[in-house]
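Working notes for the structure below.
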Amino acid sequence: MGNLLSGKKIIVMGVANKRSIAWGCARAMADQGAEIIYTYQNDRLKKSISRLVNDDDHLIECDVASDESIKAAFATIKERFGQVNGLVHAIAYAKKDELSGSILNASREGYALAQDISAYSLLAVSKEAEKQDLLTAPASIVTLTYFGSERAVPNYNVMGVAKAALEANVRYLARDLGEKNVRVNAISAGAVKTLAVTGIKGHSDLLKESQSRTVDGVDVTTTEIGGACAFLMSDMSTGVVGDVIYVDKGVHLI
Ligand code: NAD
């Protein structure tokens with residue numbers, strides 16, 4: 001327990017269950033004194049997150065596929081909590097059949113869906129937060145990306161392309177929100193066994209390969225990823241802008 005984030009209110013989008021990277025981020029930030037406001041995708045996800053967060057006031061529905069849903073969620077947050085200091089975007093989606101084999105099998109529709117949910121949604125939530133004056137400066141937005149944006153990782157396909165777009169979004173958003181004292185960064189996390197990963201064909205090989213490439217042969221944890229997120233949310237990182245920080249125990253090096 002520390003007080004790096006005491007007095008800060010932070011929105012965390014993307015907790016599905018206790019394995020979620022967003023949950024690791026939320027816990028690490030709460031441990032540093034932050035008040036966490038959670039958004040969940042739909043009723044099914046609400047059931048699951050309610051097992052972790054026993055406080056309905058801090059649970060707000062937000063489906064990033066819908067501008068109306070984002071608008072309503074942020075209006076509720078502003079009304080209930082006032083302005084907030086940060087937002088963690090830990091959301092991605094692609095159809096299972098887009099995450100196997102050759103990228104030559106990518107469909108126009110599947111490609112667009114992966115881009116919409118996994119990359120455009122960062123712009124959508126940043127735009128709406130700005131429109132509703134939801135963030136109070138100095139503020140920080142953090143998203144989650146993966147190394148498959150830079151390398152052709154087996155089966156990752158349209159999601160790798162979406163992550164490349166997401167990282168570009170981080171840079172453009174960081175430029176355009178900078179003068180408002182809102183920083184935007186991404187964490188490139190190592191592979192972790194979450195619900196999202198199980199959609200990738202051969203995910204157990206991906207996880208094994210990733211573990212074997214860490215510098216000490218031990219997987220990165222959501223607690224470690226959360227620690228970096230807490231740092232990026234804090235005023236200790238005001239010089240870090242528009243960047244992608246690896247939290248993968250060196251997998252990208254080797
Ligand atoms: P997860 O399945 O726990 O979380 C994914 C979340 O995205 C879920 O909570 C889901 O409800 C949410 N989501 C999907 N579509 C949505 C929509 N339309 N509206 C609102 N929410 C929606 O998996 P995770 O691995 O913790 O994923 C979190 C982020 O971390 C993703 O961006 C993922 O790509 C990224 N990431 C994961 C890994 C990994 O190995 N698990 C590595 C690097 C980056």
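The values are calculated or read from the model by the stated rules, or taken from the named source; none is laboratory data. All of these numbers come straight from a predicted model, not from anything done at the bench. When we count neighbours, we look across all protein chains shown, and the Cβ atoms used for this are built from the backbone with ideal geometry, even at glycine. The accessibility values were calculated without ligands, DNA or RNA, using every heavy atom of the protein model including side chains. Shrake-Rupley method; radii C 1.70, N 1.55, O 1.52, S 1.80 Å.
In a loop (DSSP other than H, G, I, E, B) and surrounded by 23 or more Cβ atoms within 10 Å (Cβ to Cβ): which single residue out of Leu52, Leu5 fits that description?
Leu5
Among (1) open to solvent by 30 Å² or more (accessible area, probe 1.4 Å); (2) part of a loop (DSSP other than H, G, I, E, B), there is one condition Val153 misses while meeting the rest; what is its number?
Single failed check for Val153: (1).
Could you tell me which of the residues Arg151, Arg108, Arg175 is of a type in the set (D, E, K, R), over 22 Å from Asp235 (Cβ atoms) and away from the ligand (no atom under 16 Å from the Cβ)? Give the derivation first.
Numbers: Arg151 fails: away from the ligand (no atom under 16 Å from the Cβ); Arg175 fails: over 22 Å from Asp235 (Cβ atoms).
Within the list Arg151, Arg108, Arg175, the selection yields Arg108.
Which residue is least open to solvent (accessible area, probe 1.4 Å), if the candidates are limited to region 29-46 and must be more than 16 Å from the ligand (Cβ to nearest atom) and in a helix (DSSP H, G or I)? I'd like the intermediate steps shown before the answer.
Residues of region 29-46 more than 16 Å from the ligand (Cβ to nearest atom): 30-35.
With in a helix (DSSP H, G or I) added as a condition, the list becomes 30-31.
Values: Ala30: 41, Asp31: 80 Å².
So the residue we want is Ala30.
Only one residue in Val53, Val64 is in contact with a strand residue (DSSP E or B) (Cβ under 7 Å, 6 or more places away or on another chain), of a type in the set (A, V, I, L, M) and within 23 Å of Ala196 (Cα to Cα). Which one? Lay out the reasoning, then the answer.
Values: Val64 fails: in contact with a strand residue (DSSP E or B) (Cβ under 7 Å, 6 or more places away or on another chain).
On inspection, the qualifying residue turns out to be Val53.
Kindly indicate whether any position in region 192-212 is touching a His at 6+ places or on another chain (Cβ under 9 Å), open to solvent by 10 Å² or more (accessible area, probe 1.4 Å), within 17 Å of Arg151 (Cβ to Cβ) and in contact (Cβ under 8 Å) with a residue 40 or more places away in the chain. First the steps, then the outcome.
Within region 192-212, the first condition is being touching a His at 6+ places or on another chain (Cβ under 9 Å), and the residues that meet it are 193, 197.
Add one more test, that the residue is open to solvent by 10 Å² or more (accessible area, probe 1.4 Å), and what stays is 193, 197.
Filter once more, so that each one left must be within 17 Å of Arg151 (Cβ to Cβ): 197.
Those still in the list that are in contact (Cβ under 8 Å) with a residue 40 or more places away in the chain too: none.
No, the conditions are met nowhere in region 192-212.
Can you name the residue in region 1-46 that is β-branched (Val, Ile, Thr) and in contact with a Ser or Thr (Cβ under 7 Å, 6 or more places away or on another chain) and is also nearest to Ser237 (Cα to Cα) among such residues? Let's see the steps before the verdict.
First, pick out the residues of region 1-46 that are β-branched (Val, Ile, Thr): 10-12, 15, 21, 36-37, 39.
From what is left, the residues that are in contact with a Ser or Thr (Cβ under 7 Å, 6 or more places away or on another chain) are 11, 21.
Working: Ile11: 18, Ile21: 20 Å.
Here the answer is Ile11.
Within 22 Å of Cys25 (Cβ to Cβ), near the ligand (Cβ under 9 Å from one of its atoms) and surrounded by 20 or more Cβ atoms within 10 Å (Cβ to Cβ): is that true of Lys163 in this structure? Don't jump to the end; show me each part of the working.
Details: within 22 Å of Cys25 (Cβ to Cβ): yes; near the ligand (Cβ under 9 Å from one of its atoms): yes; surrounded by 20 or more Cβ atoms within 10 Å (Cβ to Cβ): yes.
Here the answer is yes, as Lys163 does meet what is asked.
Where residues in region 47-97 are farther than 21 Å from Met233 by Cβ and in contact with a Leu (Cβ under 8 Å, 6 or more places away or on another chain), which of them is nearest to the ligand (Cβ to nearest atom)?
Here the residue is Tyr93.
Find the residue count for region 213-244, including only residues that are acidic (Asp, Glu) and either open to solvent by less than 40 Å² (accessible area, probe 1.4 Å) or part of a loop (DSSP other than H, G, I, E, B) (or both).
Let us first name the residues in region 213-244 that are acidic (Asp, Glu), namely 216, 219, 224, 235, 243.
Okay, now just the ones that are also either open to solvent by less than 40 Å² (accessible area, probe 1.4 Å) or part of a loop (DSSP other than H, G, I, E, B) (or both), so 216, 219, 243.
The qualifying residues number 3.
Looking at Lys193, Lys163, which is the one that is over 30 Å from Ser6 (Cα atoms) and in contact with a strand residue (DSSP E or B) (Cβ under 9 Å, 6 or more places away or on another chain)? It would help to see each step written out before you state the result.
Details: Lys193 fails: in contact with a strand residue (DSSP E or B) (Cβ under 9 Å, 6 or more places away or on another chain).
Only one candidate qualifies: Lys163.
With in a loop (DSSP other than H, G, I, E, B) and within 26 Å of Ala16 (Cα to Cα) as the only criterion, which of Leu195, Leu166 stands out? Don't jump to the end; show me each part of the working.
Working: Leu166 fails: in a loop (DSSP other than H, G, I, E, B).
Just a single option satisfies the conditions, and that option is Leu195.
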